[in-house]
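Comments concern the structure below.
Here, each number is a calculation from the coordinates, and none is a lab measurement. Because the structure is a prediction, the values reported are computed rather than measured. Note that each Cβ is placed from the backbone with ideal geometry, even for glycine, and that neighbours are counted across all protein chains shown.
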Amino acid sequence: MATQPVIEFRSVTKRFGTLTANDRVSLSLDRGEVLALLGENGAGKTTLMNILFGHYRADEGDVLVDGRALEPGSTRAAIDAGVGMVHQHFTLADNLTVLDNITLGTESLWSLRQDKKRARSKLDAMIEDYGLYVDPDAFVSELSVGERQRVEILKALYRDARILILDEPTAVLTPQEAEQLFSTLESLRRDGLAVIFISHKLHEILAVSDRVSVLRRGALVATVETRTANREDLAELMVGEAVVRPKLKPLEAGPPVLEMDKVSTRNGALQEVDLTVRAHEIVGIAGVAGNGQSALADVLSGLEKDFSGQVLLNAQPFSAGNPRNVVASGVGRIPEDRHSRGMVGDMEIWENLISEDVRTAAMSKSGFLINRSAAIDRTRRQIEEFDVRCEGPNAPTKLLSGGNMQKLILARALSRNPSFILANQPVRGLDEGAIAFVQGRLLAARARGAAILLVSEDLDELMSLSDRIAVIYQGRLSEARPGSERTIAELGLMMAGQSDRGEAA
């Protein structure tokens, strides 16, 4: 006799104006099962999970937990039903302890005092049972990224979650931390927890899930048993056609384009960084978030001027602290956060596309007024060239999916044929099709003669795209060595501050 599914989505539909984000989606999840949710950017995965967690109301259809309809649009109802969600971007208070973060909001406002003894006892038992080791008395600000994720999972389990939604859970973890997470998931599954695992990393989905449900343009196109699936088939189901990632071809490096000599920031985020990137070369920078990558990117983007040491671009002094001059000197910038630093969501697509060279003669009349017609014509050409799927140049940028927004940033950065490209997490959170497109464009720029600094927390991406790889740890940068001399395990150890070669990572 079939058992009752823990969760059932029955013909769930959600519309935003004329856009159908979820189109009659029906799927189920069983107790002790890991279901992977896969799809292109904008396929409707997050919308579906937001309906489950009570952030959105479905326009049609129902969500059932243990055979009972879940109250729509109520996060409290979802939590009470045993649904827990760990977001990609953690929602923790840095100035509180682990224990305080986990218990926050779990006790009545009418309670005169916290029962910390009972809370600690329950937390200690969960830490031991699931191997989620973290100090309950440590402040969150003192924790590593991997430890913070454990706190988020513990926070959901403390609320007696029986269904756990993990959204891109390994995006900022080292390989070793990811392996620890997978071990924890196996323990949770054995204990009967049901898990929905959202990831764009196909090798992870194949490693941890029992089944894979694939969404395309809001509709469920397939649910397959993981044991019968492979990366190529999943990518094709997701995109609708075969996806082939580009491969790095050997090229002889040219003269130095970027040279950094003992660069340190006053706040200590960078410490005596030495780095050279040559024409026809991609140098990859590996590291766990918070170890100096942002400071390095800020220096090279012209956003940070308070540093010592020397930076040369094409043998000329760098325009420190002046983003406009940095762009004018031949730097193409792909920022880490496409929403807060890459684009202005309320501006139209054409406005964002010309934002870095609005003062050029081609875009201006008399140097003061924007030639709107020329700008829109140019935007139409680049929308087509870079396959930006949108309603047209006048559409608000905030309506773009993550992948299409990244393509727009790529169009702006590469259309001027820059000599140096700062690619900071260029494929973070993108689907297979968008990843292949972005990586192909970067390799084309390398072939043209650009020097590229690729900052990424995805070691597979670094290994496949980089001529040389360096690791940044607590502001110090290791020597950049050929990718053939590195292994993923070694890079992971260096990212955690350990190295069997004695390098100062």
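At-a-glance table
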quantity	calculated
Volume in Å³ per residue [convex hull over Cα atoms, computed for region 1-46]	83
Phi-based couplings in Hz for region 329-346 (Karplus 6.51, -1.76, 1.60; Gly and Pro marked x)	7, x, 9, x, 10, 10, x, 5, 10, 5, 7, 8, 10, x, 9, 9, x, 7
Helix 432-448 vs. the chain, principal-axis angle (Cα, 0 to 90°, nearest 10)	20
Net charge of neighbours whose Cβ lies under 10 Å from the Cβ of residue 136, counting Lys and Arg as +1 and Asp and Glu as -1	-2
Rule-of-thumb Rg ratio for region 175-224 [Cα; 2.2 N^0.38 Å; N residues]	1.27
Dipole axis of region 7-239 (+1 Lys, Arg; -1 Asp, Glu on Cβ), positive-most option in 82, 19, 185	19
Long-range HN-HN contacts of residue 270 with modeled amide H, under 5 Å	265
Rg/Rg_ref, region 124-220, where Rg_ref = 2.2 N^0.38 Å and atoms are Cα	1.13
Trypsin sites (Lys or Arg not before Pro) within region 172-265, DSSP loop, no more than 10 other Cβ atoms inside 10 Å	247
Under-5 Å amide H pairs with residue 60, H placed in peptide plane, nonlocal only	13
Descending principal axes extents, the chain, alpha-carbon based, whole Å	70, 54, 50
Over region 342-465, volume per residue of the alpha carbon convex hull, in Å³	105
Normalised per residue, the volume of the convex hull around the Cα set of region 7-239 (Å³)	129
Rounded tilt (10° steps) of 175-190 against the dominant C-alpha axis of the chain	20
Tilt relative to the chain, helix 372-385 - C-alpha long axis, 0 to 90 degrees, to 10	70
Difference of contour (0.36 nm per residue) and Cα-Cα distance, residue 75 to residue 289	74.1 nm
Equivalent ellipsoid semi-axes - Cα gyration tensor, region 376-422, angstrom	19, 13, 8
Formal net charge of residues neighbouring residue 379 (Cβ-Cβ distance under 11 Å; K, R +1; D, E -1)	0
Rounded, prolate or oblate (a/c below 1.5 giving rounded, otherwise prolate when a/b exceeds b/c) for region 260-314 by Cα gyration tensor	oblate
Principal axis dimensions, region 256-495 - Cα atoms, whole angstrom, descending	51, 38, 31
Quarter of the Cα convex hull surface for region 452-493, i.e. its orientation-mean projected area (nm²)	2.9
Share, in percent, of DSSP beta bridges within region 256-495 that are antiparallel, nearest 5	55
Calculated log₁₀ intensity ratio I(q)/I(0) where the Debye formula runs over C-alpha points of region 1-144, q = 0.13, 0.17 Å⁻¹	-0.77, -1.08
Share of pairwise Cα separations in region 410-453, more than 14 Å, in percent	45
Extended-chain gain in nm, criterion 0.36 nm per residue less alpha-carbon gap, residue 398 and residue 221	61.1 nm
Overall form of region 221-265 per C-alpha gyration tensor (a/c, 1.5; a/b vs b/c)	prolate
Kirkwood Rh and Cα Rg combined as Rg over Rh, evaluated for region 204-335	1.16
Label-to-label distance, nm, for residues given as residue 444 and residue 377 (7 Å Cα→Cβ offset)	2.2
Long-range amide H partners of residue 222 with built H, under 5 Å	214
Stokes-Einstein diffusion coefficient of region 27-87, Kirkwood radius over Cα pairs, 37 °C, 0.692 mPa s, in µm²/s	265
Percent of beta bridges antiparallel (DSSP, the chain, rounded to nearest 5)	55
